[in-house]
Each structure stands twice: as C-alpha cells, then as structure tokens.
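First comes the structure, then the notes that go with it.
The values are calculated or read from the model by the stated rules, or taken from the named source; none is laboratory data. Quick caveat, the model's predicted, so the values are computed rather than measured. Cβ sites come from the backbone with ideal geometry, for glycine too, and all protein chains shown count toward neighbours.
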Amino acid sequence: MITTLLFDLDNTLLENNMDRFIPEFLYALAARFDHLFSRDWFIQQVLTSTREMVDNQDPSKTNQGVFFESLVKRLGHPLSVLKPIFDQFYAHDFDKLKVFAKRVPEAKDIMEEAFNQGYKVAIATNPIFPLSAMMNRLNWAGISEFQYVLITSYEVMHFCKPHVGYYQEILNTLDVKAHQCLMVGDDIKNDLHALSIGIRTFLVTDFIQNLEGKRYTTTFQGSLKDFRRMLKSFSTKNLPLYPQL
C-alpha cells in the first residue's frame, strides 16, 4: 500500500525554465561577491563545487558541508567570510528570482487531496539549495503552508539525485519501505532512478521537451492533471504492490 508521496518541485509542482533560472541565479549570487572576485571566475568555482556536491558519495558529509569545503579551497577565503555573504543572498536576493517561475494550477489541489487522504508527503527536490531557498520556491508554487514530513535541503541530505543513496536516505529518514512510496517528477534521469530501489514512479510530462524517442522506464506517466485524477478517483493506496513496467 502506498503511504508516502515524494514530489519533485521544479517543472513538476512549479513551472521553472532551468535554462533561464540557473544563469540568473548564478549572476545574482556572483553580484554579492563583486568586492572579492570577478563574476565569471566566481561562477565557474560555484559550478565546480556544485558538481563535487552532486557527485559526493561520503555519507558522513552533508551536501552543504561538501559544497562549502570545496568552495573554501577554490576561493581561498575561510567559511567565516563566505557563508555570511551566501546567507545575505538567500535572505534578500533569492526571492526576487520568482519572476522566472510560474505556478502550476493543479499543485495546490493535489497537495490538499494528498493530505486529506492521509498520505505522508515529502518534497523530494534535488538538495543543492538551503531550506530557506526551498521555502521560497514552495511559496512561489503556492504550496508552502503544508506540513511536509521532509523537504530535502542541502543542510540535511548527504546525497543528491540521481544517486541511489539519495532515495535510500529518504526511506531511512521517513522509516518507510520502497514499495510504500511513489515518486512524482519530471526528470527522466533524476526522478525515475527511484525505480532502481523499488520506489514506483509517476513521470510528469507537462514540461518535458522531445519526450518521443527517449528511452526510459516508469511505472506511470501523464500530465499533472492525470495524476490529480488518479489521486482523486483511483486512490494510489490501492496500487499494486510491485511496479507494472
């Protein structure tokens, strides 16, 4: 029986063109460091440290710890100098990036239905941002008021998508089994990899470009409207125990 719903955020519950959002995010962040570094060089160091964070497989280090450990070495300044500037950026600048995102009409209705049916609901987005940024983005999506059992921010997670460790950490944190979960997301590589440890998946196709011809395996797929109908009409709690592939 499904007891826990895991939702990706960007281009699942929130329309967000990442090809546009990420450059704007990096440029705004770099502007905070103009007194220390050239913007282009700083952005390259942030991207490299982010890749190291995504690739990390050391369960003793949080994603935040890996990121700043790498960045301190690359930038040549101590954490006591860098971290407060990052904090200022997330406190005052990050929310301005909401102009590049757009609410998905079905998102709030889906959350209300899921909570009304008694599901545990987690926001299982790639944990490369702090919790404050996650809350900003949930607010952009109009779904920040719900009591999620977990929001995968970089302060608490030790792995990133698509690593199996990311999904296993969610299972361990929530004390649930893989067959009790359904991962809902749009990313063929990052979200559908949950299948590798037995978590069923619903591929949200609303914002995927050129899906035809791509090779992938998912338990279910369709638009977010399709998922809402499934949630309301066919109660995911009654889904088969094992994926129908």
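Key figures for this structure:
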quantity: Enumeration of residues in the range 155-167 that are in a loop (DSSP other than H, G, I, E, B) and more than 16 Å from residue 8 (Cβ to Cβ); calculated: 155, 156, 158
quantity: Filter result for residue 67 (among the aromatic types (Phe, Trp, Tyr) and in contact with a helix residue (DSSP H, G or I) (Cβ under 6 Å, 6 or more places away or on another chain)); calculated: yes
quantity: Neighbours by Cβ (under 6 Å, 6+ apart or cross-chain): first from the range 78-89, closer than 15 Å to residue 31 by Cα; second of a type in the set (A, V, I, L, M); calculated: 89/29
quantity: Residue check, residue 118 outside the structural domain of residue 48 (by TED's automatic domain parsing) and over 17 Å from the mean Cα position of the chain (by Cα); calculated: yes
quantity: Filter result (assigned to a helix (DSSP H, G or I) and surrounded by fewer than 18 Cβ atoms within 10 Å (Cβ to Cβ)) within the range 27-42; calculated: 27, 28, 31, 39, 40, 41
quantity: Per-region count, the range 136-146, residues part of a loop (DSSP other than H, G, I, E, B) and in contact (Cβ under 8 Å) with a residue 24 or more places away in the chain; calculated: 4
quantity: Residue list for the range 189-224, filter: at pLDDT below 95 and among the charged types (D, E, K, R); calculated: 189, 206, 212, 214, 215
quantity: Enumeration of residues in the range 168-193 that are of a type outside the set (A, V, I, L, M), assigned to a loop (DSSP other than H, G, I, E, B) and touching a residue at least 40 places away in the same chain (Cβ under 8 Å); calculated: 186, 187, 190, 191
quantity: Long-range neighbours under 6 Å by Cβ, at least six apart or interchain, first residue under 19 Å from residue 190 (Cβ atoms) and without any contact (Cβ under 8 Å) to a residue 60 or more places away in the chain within the range 212-230, second among the aliphatic types (A, V, I, L, M) and surrounded by 16 or more Cβ atoms within 10 Å (Cβ to Cβ); calculated: 216/188; 216/192; 218/192; 218/203; 221/203
quantity: Residue match in the range 104-121 (condition: closer than 16 Å to residue 159 by Cα and among the aromatic types (Phe, Trp, Tyr)); calculated: no
quantity: Some residue of the range 34-42 being outside the structural domain of residue 107 (by TED's automatic domain parsing), in contact (Cβ under 8 Å) with a residue 60 or more places away in the chain and in contact with a helix residue (DSSP H, G or I) (Cβ under 8 Å, 6 or more places away or on another chain); calculated: no
quantity: Residues being surrounded by 14 or more Cβ atoms within 10 Å (Cβ to Cβ), more than 20 Å from the chain's Cα centre (by Cα) and either of a type in the set (Lys, Arg) or not in a loop (DSSP other than H, G, I, E, B) (or both) - total across the range 61-87; calculated: 9
quantity: Test result for residue 91, outside the structural domain of residue 224 (by TED's automatic domain parsing), of a type in the set (A, V, I, L, M), touching an Asp or Glu at 6+ places or on another chain (Cβ under 8 Å) and assigned to a helix (DSSP H, G or I); calculated: no
quantity: Test set (1) assigned by TED's automatic domain parsing to the domain that holds residue 83; (2) of a type in the set (A, V, I, L, M); (3) crowded, with 20+ Cβ neighbours inside 10 Å; (4) in contact (Cβ under 8 Å) with a residue 40 or more places away in the chain - residue 9 fails condition number; calculated: (1)
quantity: Hits in the range 12-26 - residues which are part of a helix (DSSP H, G or I) and touching a residue at least 12 places away in the same chain (Cβ under 8 Å); calculated: 20, 21, 24, 25, 26
